[in-house]
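Trainee: First, the structure itself, so that you have it in front of you.
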Amino acid sequence: MDTTTKFKLKRRVKLLRWLAWGCIFLFAIILTTLFIVRKHSDADWSKPLIIIPVMLGLVLPLFAGLILTMYSSFNLQYLMNYRKQILTYRARKFAHRAIEFLQQGNVRAAVDEYIKCKRYPEHSLDDYVYGMLISAALLTGDEKLKKIGLEKTNSVKEEYNPDLITF
């Protein structure tokens with residue numbers, strides 16, 4: 001989606017919401033006016049010539065507001081899906097870079113890229129890259145990274161300990 005389409009959708013969502021609220025407000029005004037006029041009127045309100053326009057005046061703004069709200073929600077959902085796709089793309093990009101750094105043997109840069117990737121909603125990448133980082137940290141020559149890798153391995157091992165399950 002290009003930026004002009006995105007901004008058009010945003011404007012359409014705003015406009016449709018304002019129109020929907022306007023229709024609901026019009027319904028409330030017509031209903032209030034109807035009660036006031038009926039209370040102070042001596043006319044017979046059961047005639048079809050009075051009932052049909054009154055019911056159309058009540059029902060049409062209400063359904064128009066409902067339809068406008070639904071159409072606005074569809075457009076908003078489209079924008080939200082687009083936003084989620086952008087976040088997924090960014091997460092995959094950071095995970096891809098982290099894997100490339102691991103292939104080059106640069107574990108510190110891979111950890112930095114993984115930390116950037118953690119803020120995004122693509123959790124399936126988290127499982128794979130986290131395991132790769134732990135194994136790379138354990139196999140590296142750097143003592144600090146080896147210690148961190150050993151701590152993370154022990155914490156994962158402790159978390160998935162089957163002896164901790166109570167039946």
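The values are calculated or read from the model by the stated rules, or taken from the named source; none is laboratory data. This is a predicted model, so every value here is computed, not measured. All Cβ positions, glycine included, derive from the backbone under ideal geometry; neighbour counts span all protein chains shown.
Trainee: Under 19 Å from S135 (Cβ atoms), crowded, with 17+ Cβ neighbours inside 10 Å and at pLDDT below 80, is that true of Y120?
Mentor: For Y120, the condition - under 19 Å from S135 (Cβ atoms), crowded, with 17+ Cβ neighbours inside 10 Å and at pLDDT below 80 - is not met.
Trainee: Taking region 34-48, which residues are surrounded by fewer than 12 Cβ atoms within 10 Å (Cβ to Cβ) and outside any loop (DSSP other than H, G, I, E, B)?
Mentor: Result: F35, I36, K39, P48.
Trainee: When only residues in region 123-167 that are modelled with pLDDT under 75 and of a type in the set (S, T, Y) count, which is surrounded by the fewest Cβ atoms within 10 Å (Cβ to Cβ)?
Mentor: T166
Trainee: I want to confirm something. Restricting to region 12-32 and keeping residues that are of a type in the set (V, I, T) and touching a residue at least 24 places away in the same chain (Cβ under 8 Å), which single residue is nearest to Y78 (Cα to Cα)?
Mentor: V13
Trainee: Determine which single condition E113 fails, assuming it passes every other condition in (1) modelled with pLDDT under 75; (2) under 24 Å from N154 (Cα atoms).
Mentor: Result: E113 passes all but (1).
Trainee: Continuing with the same structure: So is L87 crowded, with 16+ Cβ neighbours inside 10 Å and either in contact with a Leu (Cβ under 7 Å, 6 or more places away or on another chain) or not β-branched (V, I, T) (or both) or not?
Mentor: No: the conditions fail for L87.
Trainee: Right, something else. Within region 71-107, can you find the residues that are under 15 Å from K10 (Cα atoms) and of a type in the set (A, V, I, L, M, F, W, C)?
Mentor: Those that are under 15 Å from K10 (Cα atoms) and of a type in the set (A, V, I, L, M, F, W, C): F74, L76, L79, M80.
Trainee: Can you confirm whether L49 is of a type outside the set (K, R), more than 30 Å from I86 (Cβ to Cβ) and touching a residue at least 24 places away in the same chain (Cβ under 8 Å)?
Mentor: no
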